[in-house]
Amino acid sequence: MVILAIETLLRDSSSLDEFINTIKTRYDVVVKEVIVAGKRMVHLKRPAKPKFFDSIQEECSNMLINEELIIVTRSVEQIYHIDDNFCLLDIPSTLTPIEAQEWFPGKLVTLSKYFNTYLITTEEDVHGRDTICNGGPTCNQIVMYCLNSANSGGIDCLFNTHWTDSMAWSFQIIQKNEFNFKSPKDYDIVLLNAINVETNHELNICQLENIAEHYHLRVPRRKRIFSQKDIQKTYNQLASTNPSIRGLIFIDEESSNETLRGKIELKTGSTWRNRLLGTASLVLNHDLAALEETDSVLDNMIELMKKHYDKLLSELSGLYVINSELRTRKQFALKVKHHPMAQVLFALADKKIDGLVQMHKIIKPIHLLSHIEQVDNEQFEFALSFYKEKICQQER
């Protein structure tokens, strides 16, 4: 059984009101109180522009919690945007490929059952009464139409004897054509995932595809990516038959059952790897682009940079949470200026960035390399030696 971070907060709360107060003030989560089947509930969603990095915020997606402090439904966790100049998602070696799937424009909706009430929940409304486009049908009308059109069981098929009522089904509502939006038939739904909220286990890709085939539902197309170079090629292949996709979603399922998710919009411009290559070239005073095996030469340094970037993300997040409520900028500065990357916290406080996951806009590769050289000199020197060895082999 998977234990969510928010479950600890629920156990430590003596009442729903205490829980609401804590999650609003301490975690900046958006809370809306609702009545479902005569029961008081709270509808949670993560902030649009989070001030800090926190696992509880990640989990609060279309989440409903009842008076007994039990999670009734939830959706997939935060999927991080990866822009073209910095990539936190590691593209592994050919021995451990990752899955890439279509990233659709549209609206996320969660289907669940509470007693005898079906809930079609979006981030805006617990019953899905909001619309995708002004003048169009509501989200619940679209979902019901699509399910009824796909199979004779409609929404009942997702909560029959084969499935427990504790299942929460995540769909993406998409438009079939951007110019047609006034009728439910102008939309489609794509099954993204299904979660048992009692155990917090998600269905794996094979199970989802089997369910989709049985109930005539659509799922995102997926392809395996073996290296950084495969990203553009994979996107081109998927976009050639569905040009409306925004990009790719990566799913890296490790042996520990932890799932790393990230989404990328493909743009022109320098990539994180290219920027790292240029920075490493300056550090080493060599033209690394001339090497035959540039990717393998960079692997050690990339791994080291990712490790320290993750560590910085955690450190800065904790520092910001503790000091973000201080009354004056001077008090804030006195508490955070000792950190070598304090400029990130000042940028966040001054709203130059929306959240710490955007700290790559402040910390450039050369800054990160300098930081690693100071705090992890042994590993840094090892990476440099590896570069130089490869360069010498190439020049022979």
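Summary table
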quantity	calculated
Ranked by how many other beta carbons lie within 10 Å on average, peptides 315-328, 35-48, 115-128 from highest	115-128, 35-48, 315-328
Value of relative contact order over region 5-74, rounded to a whole percent, pairs C-alpha under 8 Å and six or more apart	29
Most to least packed among 64-71, 15-22 [average Cβ atoms within 10 Å]	64-71, 15-22
Amide H contacts of residue 221 (H built 1.01 Å from N, under 5 Å, at least 5 apart or other chain)	102
Residue-wise HN-Hα coupling along region 109-121, computed from phi with Karplus coefficients 6.51, -1.76, 1.60 (Hz; x: Gly, Pro)	9, 10, 9, 8, 10, 10, 6, 9, 9, 7, 10, 10, 10
Cα gyration tensor, region 5-74 - rounded (a/c under 1.5), prolate or oblate	prolate
Spatial separation of Cα centroids for region 201-231 and region 98-129, in angstrom	18
Neighbour cut-off at most 10 other Cβ (10 Å), DSSP loop, chymotrypsin sites (Phe, Trp or Tyr not before Pro), region 133-199	179
Theoretical FRET efficiency, 1/(1+(r/R0)^6), r = Cβ-Cβ of residue 32 and residue 242, R0 45 Å, to 0.05	0.85
Over 29 Å (Cα to Cα) - which of 32/306; 49/229; 24/107; 45/229; 49/233; 45/176 fall in this group	32/306; 49/229; 45/229; 49/233
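Rule-based calculations on the coordinates, nothing more; no lab input. Keep in mind that this is a model prediction, so the values were computed, not measured. All Cβ positions, even for glycine, are placed from backbone atoms using ideal geometry, and neighbour counts span all protein chains on display.
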